[in-house]
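Here's the structure, in structure tokens; my notes come after.
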Amino acid sequence: MKNLLLIFLLTNSLKLFAQDCNCRVNFDYMTSKVSRNYSGYRDKINAGNKEKFTLFTKELREKASAIKTTDACFIVLKTWTNYFQDQHLKVQLNGDYKKANPAQTKEINAYFSQKKEIVSEQLSGQTEIQQLDEQTLLLRLPSFEWSEKKMIDSLLKSQQALLKKTPNWIIDIRGNGGGTDYTFQSLIPYLYTQAYIGKPDEYWSSEDNIAILEKNLKGLNPISPQGNFLKAIISLMKKHPGQFINPLGKDTFSNTLDSSYTYPKKIGILISRETLSSAESFLLIAKQSKKVTLFGENSGGSLDYANTQYFDIPCDDYSLAIAISRSKRLPENPIDNIGIPPDVKINPLEKDKVRFVQQQLKLK
């Protein structure tokens, strides 16, 4: 975490021309919403750090009182959310602001950026299937956002004949920042070799979380699987305010499929530090298959606190994202800021990681 003095110097030296907003109002709103609704708050603020955290919050609040610009205020807001080290808890600048203020946005991004090793390999941003040779297919899945589900399902259906006769698959999910677990469900039968075991999420019940889920429900078919599941969560939340609720009613679940596909025989999944969230949910399922080997580097580690919801914030240039669920893997098996390790590490400087995996699958 950067020194508060540096934050003060930066917020007073940036020559930025953004809309004025009452930074203290936004700061108080944010801290109140997070403390009441964030599923990780009670885990991360405890007797061991509460005094230090309270002082940290007080100092930032005082700085917020003196700030008059959106840009400088954003630095203070983001510094506070960064304390929790959770990529599912964040305040962010909205798209319109970024377009109108590219120089300021670039300067702020540089301030918060972390140095990363530069790798020359360029990744495709398109969901696609390529036949690399007679034995190997490449499935490039850059996202599991809901908007990608139709594309993935359609692609698997149209290429079904090829998929069911090709022994080796490479599934490249490097840079996949997640989305929703529903998006990758049509892939599971191809991976499946045995029942997979998982840990469910439990949801923090608060007035705000109930209200936002009820709003989400209005956009769903109420008798769809998603709609029924959401209704069950809301009902339990209303019965148990100020508590975690577990819609499955158990700490472990097991999913069994009626049948599995003979092909593929071997699957290599390419992962990176930018593989996050629902993409990591996919990995937890996939790594239980006897067909699957993970290649690359540790995933990004953003799955312990999830089901992110967006809360309005007084200044229109911001949005506030808060995770409202917690995995039952905790506290024994955390993933946040650790990641899921590969079975086979690949040197980050390897120029053609897909070819590396292709050769490894032929050797296995």
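The values are calculated or read from the model by the stated rules, or taken from the named source; none is laboratory data. Please read all numbers here as calculations on a predicted model, not as lab measurements. Every residue, glycine as well, gets a Cβ built from its backbone with ideal geometry; the counts of neighbours run over all protein chains shown. All accessible areas refer to the heavy atoms of the entire protein, side chains included, with ligands and DNA or RNA removed. Shrake-Rupley method; radii C 1.70, N 1.55, O 1.52, S 1.80 Å.
Numerical summary
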quantity: Any hit, segment 106-116, residues being touching a Cys at 6+ places or on another chain (Cβ under 9 Å), open to solvent by less than 10 Å² (accessible area, probe 1.4 Å) and either among the basic types (Lys, Arg) or farther than 30 Å from Pro189 by Cα (or both); calculated: no
quantity: Qualifying residue in segment 130-143 (condition: modelled with pLDDT under 95 and either crowded, with 16+ Cβ neighbours inside 10 Å or part of a helix (DSSP H, G or I) (or both)); calculated: no
quantity: Count of segment 293-312 residues which are touching an Asp or Glu at 6+ places or on another chain (Cβ under 9 Å) and either touching a residue at least 60 places away in the same chain (Cβ under 8 Å) or not polar (S, T, N, Q) (or both); calculated: 13
quantity: Residues being open to solvent by 30 Å² or more (accessible area, probe 1.4 Å) and either in a helix (DSSP H, G or I) or closer than 21 Å to Pro225 by Cβ (or both) - total across segment 150-179; calculated: 11
quantity: Qualifying strands (runs of 3 or more DSSP E) (wholly inside segment 275-356; at least 1 residues being open to solvent by 60 Å² or more (accessible area, probe 1.4 Å) and either within 28 Å of Asn209 (Cα to Cα) or of a type in the set (A, V, I, L, M) (or both)); calculated: 305-311
quantity: Output for segment 260-274, where each listed residue is part of a loop (DSSP other than H, G, I, E, B) and open to solvent by less than 80 Å² (accessible area, probe 1.4 Å); calculated: Ser260, Tyr261, Tyr263, Pro264, Ser272, Glu274
quantity: Subset tally (residues that are outside any helix (DSSP H, G or I), more than 16 Å from Asp317 (Cα to Cα) and open to solvent by less than 50 Å² (accessible area, probe 1.4 Å)) for segment 42-82; calculated: 2
quantity: Segment 97-124 residues that are under 29 Å from Arg140 (Cα atoms), paired with ones that are at pLDDT below 85 (beta carbon under 7 Å, 6 or more apart); calculated: none
quantity: Any chance Phe27 is open to solvent by less than 10 Å² (accessible area, probe 1.4 Å) and under 26 Å from Glu280 (Cα atoms); calculated: no
quantity: Evaluation of Lys239 against (1) under 27 Å from Pro331 (Cβ atoms); (2) open to solvent by less than 80 Å² (accessible area, probe 1.4 Å); (3) free of Cβ contacts under 8 Å to residues at least 24 places away in the same chain (one fails), failing number; calculated: (2)
quantity: Odd one out for Gly227 among (1) free of Cβ contacts under 8 Å to residues at least 24 places away in the same chain; (2) open to solvent by less than 50 Å² (accessible area, probe 1.4 Å); (3) assigned to a loop (DSSP other than H, G, I, E, B); calculated: (3)
quantity: Check on Leu257, at pLDDT below 95, among the aliphatic types (A, V, I, L, M) and closer than 30 Å to Arg42 by Cβ; calculated: no
